[in-house]
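Please read through the structure below; I'll follow up with questions.
The values are calculated or read from the model by the stated rules, or taken from the named source; none is laboratory data. The model shown is predicted, which means the values in this text are computed figures rather than measured ones. All Cβ positions, glycine included, derive from the backbone under ideal geometry; neighbour counts span all protein chains shown.
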Amino acid sequence: MTLSSTERKILEDSIRDIKDFPKPGIVFKDITTLLNDKKAYGVLMNHLYQRYKEYDLDYIAGIDARGFIFGAALAQMLGLGFVPIRKKGKLPYTTISEKYSLEYGIDEVEVHIDAFSGIENARVLIIDDLIATGGTANAATTLVNQTGAKCVEACFIIGLTFLEGIKTLEEKTDVYSLIEVH
């Protein structure tokens, strides 16, 4: 299931571009205006519900921090558990972690070792607001799979197709972007 042209326009019109943020030459896609627009947020969440209601998922995993906004709401709508994939040092129990490269350095994400326990070979959807270079999403997918669960798809509100993130992630799992920026 993909967005209708009307749904796509509602979502695209609700996302604000911020030029030169966080540094010169970058056009930041600000989703706070989508969240603030009850019609656009409703269109988004209804679309995600319709897309994933037949996927036979066990969990939704949201990537820190904007993935929590969409992931927790979608998990509730689908009657599933929600698992946060957090930046290093933010989870209180025993974790496993995965490092990934940034433009100038390395970062790390973690998940609780028992995040998907109780369901053998749990089917997991990863969700976040945007995929650019794909470092965080690739690390999150690796983490899910290391727990014994299976990432069946990674979903992003916005996909920056002019970067290599989607292509790289597609080597590990299916990828769905609602809005693609070329």
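Given the condition surrounded by 14 or more Cβ atoms within 10 Å (Cβ to Cβ), within 20 Å of S177 (Cα to Cα) and either at pLDDT 95 or above or not basic (K, R) (or both), answer yes or no: does some residue in region 85-93 qualify?
yes
Among the numbered criteria (1) outside any strand (DSSP E or B); (2) loosely packed, with under 15 Cβ neighbours inside 10 Å, which one does I106 miss?
(1)
When only residues in region 46-68 that are exposed (fewer than 15 other Cβ atoms within 10 Å of the Cβ) and within 16 Å of the chain's Cα centre (by Cα) count, which is modelled with the lowest pLDDT?
It comes out as A65.
Can you give me the ranges of the strands (runs of 3 or more DSSP E) entirely in region 1-97 with at least 1 residues that are of a type in the set (F, W, Y)?
27-30, 59-63, 81-87
Exactly one condition in (1) outside any strand (DSSP E or B); (2) buried (at least 16 other Cβ atoms within 10 Å of the Cβ) is not met by G118; state its number.
Here G118 meets the rest and fails (2).
Sticking with this one: It is to be established whether one or more residues within region 136-159 are in contact (Cβ under 8 Å) with a residue 24 or more places away in the chain, part of a loop (DSSP other than H, G, I, E, B) and under 30 Å from R16 (Cβ atoms).
No; the residues of region 136-159 include none that is in contact (Cβ under 8 Å) with a residue 24 or more places away in the chain, part of a loop (DSSP other than H, G, I, E, B) and under 30 Å from R16 (Cβ atoms).
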